[in-house]
Amino acid sequence: MIEITVATIIITVIIVLTLRNTKRVALENPLILNRTGQYHAILAPKLNVAQTFVETVAKQLSDMREANQDSATQCFEVRDPEAAKLGQDLYLLAITMRNGLLYFQAVTPDQPNGNPEVHRHKLLEAAHNALARIPVAGTHNDGMDEHVIASASRAAHQLGIQLRKID
């Protein structure tokens, strides 16, 4: 009986150590996350590591969403240590609220240290393409813009991510 208990403990320890030492792998295809009634995210190839940040921002905003509210698209440069481990030092993130639902688009810049205006243009183009089929039915709320920015900043601070708003 003791042998079975010892064997079970050893197997459990091996499984736990194996799972803890697995590395995150950057996906080669875009990742689409859809949390019905909460948010929709499109993450460019190799940006699946942005999922944790996206979910943290969405959680921060969960109690502030109203069905008919819209926000302007907020653009950010994100320097995430987890993404850097996979060779992606910088990615661009757009956050938009349409009809009370959050939309995230993450893309990689063509030139990581390039012109912020070029980054903003690329990001807005990606966001526009993703949101083209979603009509603006609510009213734009400047206060919601500020909530989106503040929530992204809090989430970044919480996760040790450097975040810079692109104006």
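What follows draws every value from the coordinates through simple rules; no lab data is involved. This one's a predicted model, so the numbers in the text were calculated from it and none came from an experiment. Cβ coordinates were reconstructed from backbone atoms using ideal geometry, including for glycine residues, and neighbour counts include every protein chain displayed.
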To make sure I understand, if each residue's beta carbon is the centre and we count other beta carbons within 10 Å, what order do L124, L43 fall in, fewest to most? L124, L43
For a quick check: sort S151, S62 by the number of other beta carbons within 10 angstrom, fewest at the front. S62, S151
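Between S62 and R164, 0.36 nm times their residue separation minus their Cα-Cα distance comes to what? Please list the in-between numbers first.
Values: separation 102, 0.36 × 102 = 36.72 nm, distance 2.22 nm.
Extra length available between S62 and R164 comes to 34.5 nm.
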Between the modelled labels at R133 and R79 (7 Å from Cα along Cα→Cβ) the distance in nm is 3.7 nm
For K165, give me every one of the aspartates and glutamates with a C-alpha distance below 13 angstrom, ignoring sequence neighbours fewer than eight places off in its own chain. E77, E117, D145, E146
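Which peptide among 154-167, 1-14 comes first, and what is the full order, when sorted by highest mean count of other Cβ atoms within 10 Å? Walk me through the numbers before you get to the answer.
Numbers: 154-167: 14.9, 1-14: 8.9.
Descending packing order for the listed peptides: 154-167, 1-14.
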